[in-house]
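To keep things clear, I will list the structure first and then write my remarks on it.
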Amino acid sequence: ASAKSIPVINNIALESVVDRREGNIAINSESAVNKERFRVEKGTRIQVEDNSRFSFHIGSLARVALFGDTEWELSALTDTFIGINLDKGSIAVSFDGTQKRSMEITTPDSIVRVTGTIFTVEVVDNGTTRVGVIEGSVEVDSRFTDADTVTVTEGRLGSVSGKESLIALTDEHRSLAAEMLITHYPEELTKLVTFDGSPEQVKVEVDG
């Protein structure tokens with residue numbers, strides 16, 4: 001069967017700020033040993049070798065951590081959409097799904113659809129994808145069959161093999177996502193918002 005289609009997206013480029021860099025990492029086949037920032041756009045490819053870790057921001061939209069023996073590629077990027085190919089390995093993501101933003105992660109057997117959450121995606125040795133959710137929920141579809149969408153909710157670990165595959169999130173997957181729970185953001189990614197009017201007429205809600 002043919003793979004399910006993904007819409008063609010007009011792409012942009014953003015500056016990425018590096019949070020953590022440990023071990024051997026290559027960005028577009030060049031060593032990232034001294035990189036504090038880099039340009040991220042459609043086609044940007046990152047390879048993380050065994051016993052290495054690399055975490056970074058995609059503009060102000062998302063934070064991503066890649067762990068040992070991982071191959072990651074940005075397949076699309078707009079103001080409201082991020083597309084990622086994960087050929088192998090493990091990642092953790094914190095994504096801001098406000099303002100109708102969304103993300104799709106394509107793995108060898110699955111499409112992971114996100115509208116805002118903290119989660120992990122792991123491609124194990126046989127090509128099976130496992131998704132763990134720390135906050136929010138994530139939808140997982142098979143790329144090649146018409147199997148029902150599996151919704152992985154907070155505190156659960158699951159895959160496209162069905163609802164029966166949903167189990168409690170393991171300590172291993174919680175530890176992968178631990179870095180996403182750190183609330184520090186680089187100064188240049190913070191926002192200042194001001195309001196005109198009396199305080200009694202203003203209600204401010206902050207999410208992310």
Arrange the peptides 76-83, 121-128 so that the one whose residues have, on average, the most other Cβ atoms within 10 Å appears first.
76-83, 121-128
Relative packing of peptides 28-34, 167-173, 41-47, 54-60 - highest average C-beta neighbours within 10 Å first
54-60, 41-47, 167-173, 28-34
Can you give me the Kirkwood hydrodynamic radius for region 45-167, using every pair of distinct Cα atoms, in Å to one decimal?
14.3 Å
Could you check how many percent of all C-alpha pairs in region 104-184 are farther apart than 18 Å?
35 percent
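Values quoted throughout were computed directly from the atomic coordinates according to the rules given, and no laboratory measurement underlies them. Worth saying up front: this structure is predicted, and the values here are computed from it rather than measured. With ideal geometry, Cβ positions are generated from the backbone for all residues, glycine too; neighbour counts draw on all protein chains shown.
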